[in-house]
Amino acid sequence: MTFESRHRRFLAEINVIPLVDVVLVLLVIFMVTAPMLYRGMDIKLPTSATNTIKPEMRTVLTIEKDQRLYLDKDPVGVAQLEQKLKVLKRDHPDVSLYLRADRDVPYGVVVQVMDGVKKAGIEKIGMVTEPIGPERVGAPEIPRLPPRKN
């Protein structure tokens, strides 16, 4: 008995294999149940012969700081812009255009590009901006005028 107690060592490390097993089981459970949590209400939609909602063609027109133009991700010149937009309008009559311009681009360039968009016949145009809020910490604030007193 004294011989056995001298050669026996105590294990001072934590066995992490059961912990890993439990974590993997929990991961599988969450992966299976997460898509079920996002479900909406179960309803039966009526059927119709015609689809009333048409998918919309969305295109992004980008003006970089150095005044280079990109239609989606393809570079395009100012002279070619109107022709490419006319072809796009002919192929997709319900096209929507989103204009992204760098804040340092001169105003005249933006007006010139918007004029080309209007000449191409595209009426749905939106301007992409960044929101002002707490996520924009370093942005300069726009000075506000005090309310007028009558």
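Have a look at Glu13, Glu56, Glu64 and point out the one that is at pLDDT 75 or above and within 26 Å of the chain's Cα centre (by Cα).
Selected residue: Glu64, the only one of Glu13, Glu56, Glu64 that is at pLDDT 75 or above and within 26 Å of the chain's Cα centre (by Cα).
With the checklist (1) at pLDDT 85 or above; (2) surrounded by 11 or more Cβ atoms within 10 Å (Cβ to Cβ) in hand, flag the one item Val128 doesn't pass.
For Val128, the exception is condition (1).
In region 79-92, which residues are surrounded by 14 or more Cβ atoms within 10 Å (Cβ to Cβ) and either in contact with a helix residue (DSSP H, G or I) (Cβ under 9 Å, 6 or more places away or on another chain) or among the aliphatic types (A, V, I, L, M) (or both)?
Leu81, Glu82, Leu85, Lys86, Leu88 - these are the residues of region 79-92 that are surrounded by 14 or more Cβ atoms within 10 Å (Cβ to Cβ) and either in contact with a helix residue (DSSP H, G or I) (Cβ under 9 Å, 6 or more places away or on another chain) or among the aliphatic types (A, V, I, L, M) (or both).
Would you mention how many residues in region 81-92 are within 22 Å of Met127 (Cβ to Cβ) and out of contact with any Lys or Arg (no Cβ under 9 Å at 6 or more places or on another chain)?
The first filter runs over region 81-92 and keeps only residues within 22 Å of Met127 (Cβ to Cβ), leaving 81-82, 84-86, 88-89, 92.
In the following step, the residues that additionally are out of contact with any Lys or Arg (no Cβ under 9 Å at 6 or more places or on another chain) were identified as 81, 84, 88-89, 92.
Residues in region 81-92 being within 22 Å of Met127 (Cβ to Cβ) and out of contact with any Lys or Arg (no Cβ under 9 Å at 6 or more places or on another chain): 5 in total.
Somewhere in region 75-96, is a residue within 15 Å of Met57 (Cα to Cα), among the β-branched types (Val, Ile, Thr) and either part of a helix (DSSP H, G or I) or touching a residue at least 60 places away in the same chain (Cβ under 8 Å) (or both)?
yes
The values are calculated or read from the model by the stated rules, or taken from the named source; none is laboratory data. Since we're looking at a predicted model, the values are computed, not measured. For neighbour counting, all protein chains shown are included, and Cβ atoms are generated from backbone atoms with ideal geometry for every residue, glycine included.
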